[in-house]
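The values are calculated or read from the model by the stated rules, or taken from the named source; none is laboratory data. Because the structure is a prediction, the values reported are computed rather than measured. No Cβ is skipped: glycine too gets one built from the backbone with ideal geometry, and neighbour counts run over all protein chains shown. Note: areas computed on protein heavy atoms with side chains; ligands, DNA, RNA excluded. Shrake-Rupley method; radii C 1.70, N 1.55, O 1.52, S 1.80 Å.
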Amino acid sequence: MTALTDSLVEGAVQTVLEAGELLTDPAAVQSIRSKGETDYVTNVDVAVQAFLRKRLAALAPDVQFMGEEQDNTGLDWSRPCWILDPVDGTTNLIHSFRHSAISLALAEGGQAVFGVVYNPYTEECFTARRGGGALRNGVPIHVSDVSRLEDSLLSTGTVPGRRELADAAFRQMRALYDRCQDVRRTGCASLDLCWVACGRLDGYVELSLQPWDYAAGMRIAAEAGGKVTAPDGSPLSLREGGPLLASNGRLHSALQAILKE
Ligand code: 2AM
Ligand code: CA
């Protein structure tokens with residue numbers, strides 16, 4: 001039986017909106033710890049995860065919890081599971097760049113059946129349920145209808161946490177740049193996916209992401225008419241991360257061909 005009900009969705013969205021206040025306080029970041037080379041966790045990441053974990057457990061005690069700031073071994077993937085990135089765009093948060101989001105998905109049967117991505121700086125809340133379309137602040141959204149790469153605006157990443165991939169990432173960025181109108185690099189994967197969903201971007205490519213970076217955004221982009229896969233077209237896993245290609249659907253095969261080069 002599915003854990004997903006209208007009241008669970010409403011409760012989860014409400015809780016994410018409340019948690020947004022923990023990011024926007026200008027004095028929010030008090031401590032910064034390094035998890036790996038150029039990969040950081042702040043007191044805000046920890047506080048948002050603790051807040052959501054507690055509130056979601058009260059809303060749905062049987063749903064498991066996967067979060068970026070904890071050890072996630074031992075999850076039973078035959079049962080429902082929340083997948084949370086408490087702060088997607090931690091480096092942006094550290095620099096007051098004001099482009100970060102809370103990303104929460106509900107996974108069932110290996111798929112994200114619900115996703116919410118909230119940007120508390122712009123108060124834009126993107127949501128989607130499987131088969132129910134995608135919404136921004138309650139209003140339906142759709143991917144762009146751009147069908148030629150030369151008319152497209154793309155986003156990509158620099159894989160800051162894996163510097164050994166930098167040459168490949170910048171080669172890829174150059175190859176994309178040569179074929180499109182321009183490239184952007186925003187530092188927040190979940191919002192890049194939502195921006196594909198609402199047509200601000202036509203495609204998005206990143207070489208190394210974690211499931212909490214894309215679980216919610218990929219549901220939102222897919223429900224908005226887009227396509228989100230690995231660069232070779234295979235489905236993305238929610239258990240472990242990897243490279244990602246998102247598009248409005250029309251550009252997917254052209255982007256795949258560039259990434260293969
Ligand atoms: P994060 O801010 O939650 O770490 C930046 O390129 C995007 O990639 C962000 O969405 C960031 O999420 C994500 N990302 C995934 N793995 C990362 C890593 N090891 N280091 C930095 N960013 C990472
Ligand atoms: Ca994060």
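Taken residue by residue, the range 62-83 has no member that is assigned to a helix (DSSP H, G or I), within 21 Å of Gly115 (Cα to Cα) and among the aliphatic types (A, V, I, L, M).
Of the set (1) open to solvent by 40 Å² or more (accessible area, probe 1.4 Å); (2) away from ligand 2 (no atom under 16 Å from the Cβ), all apply to Arg219 but (1). I need the full set of residues from the range 132-166 which are within 16 Å of ligand 1 (Cβ to nearest atom) and free of Cβ contacts under 8 Å to residues at least 40 places away in the same chain, in order please. Scanning the range 132-166 gives Thr158, Glu164, Ala166. Apart from one condition, Leu52 fits all of (1) of a type outside the set (Val, Ile, Thr); (2) free of Cβ contacts under 8 Å to residues at least 60 places away in the same chain; (3) closer than 20 Å to Pro211 by Cβ; (4) out of contact with any helix residue (DSSP H, G or I) (no Cβ under 7 Å at 6 or more places or on another chain); the exception is (4). Among the residues making up the range 168-190, those that are within 16 Å of ligand 1 (Cβ to nearest atom) and not aliphatic (A, V, I, L, M) are Phe170, Gln172, Arg184, Arg185, Thr186, Gly187, Cys188, Ser190. Among the numbered conditions (1) modelled with pLDDT of 95 or more; (2) closer than 24 Å to Leu238 by Cβ, the only one that Ala3 does not meet is (1). Only one of the numbered conditions (1) within 26 Å of Ala60 (Cα to Cα); (2) small (Gly, Ala, Ser); (3) part of a loop (DSSP other than H, G, I, E, B) is violated by Ala107, and that is (3).
Would the range 136-156 turn up any residue that is more than 28 Å from Gly199 (Cα to Cα) and open to solvent by 10 Å² or more (accessible area, probe 1.4 Å)? The answer is no, given that none of the residues of the range 136-156 is more than 28 Å from Gly199 (Cα to Cα) and open to solvent by 10 Å² or more (accessible area, probe 1.4 Å). Going by what's in this entry, would Ala224 be described as over 14 Å from the mean Cα position of the chain (by Cα) and more than 18 Å from Ala257 (Cβ to Cβ)? So Ala224 passes the test. Here is a list of conditions, (1) near ligand 1 (Cβ under 10 Å from one of its atoms); (2) over 17 Å from Gly89 (Cβ atoms), and Cys198 meets all of them except one; can you say which number that is? All conditions are met except number (1). Go through the residues of the range 58-81 one by one and say whether even a single one is touching a Phe, Trp or Tyr at 6+ places or on another chain (Cβ under 8 Å), away from ligand 2 (no atom under 13 Å from the Cβ) and open to solvent by 40 Å² or more (accessible area, probe 1.4 Å). No: the range 58-81 contains no residue that is touching a Phe, Trp or Tyr at 6+ places or on another chain (Cβ under 8 Å), away from ligand 2 (no atom under 13 Å from the Cβ) and open to solvent by 40 Å² or more (accessible area, probe 1.4 Å). Restricting attention to the range 163-174, the residues being crowded, with 17+ Cβ neighbours inside 10 Å and among the small types (Gly, Ala, Ser) number 1.
The residues of the range 201-214 that are within 12 Å of ligand 1 (Cβ to nearest atom) and small (Gly, Ala, Ser) amount to a single one, Ser208. Taken over the range 185-210, residues that are under 21 Å from Pro120 (Cα atoms) and either open to solvent by less than 20 Å² (accessible area, probe 1.4 Å) or in contact (Cβ under 8 Å) with a residue 60 or more places away in the chain (or both) amount to 13.
Taking residues in the range 74-100 that are more than 11 Å from ligand 1 (Cβ to nearest atom), and partners anywhere that are part of a loop (DSSP other than H, G, I, E, B) and not small (Gly, Ala, Ser), the pairs with Cβ atoms closer than 7 Å and at least 6 places apart or on different chains are Trp77/Arg239; Pro80/Val63; Cys81/Val63; Cys81/Leu75; Trp82/Val63; Ile83/Leu238; Arg98/Tyr121.
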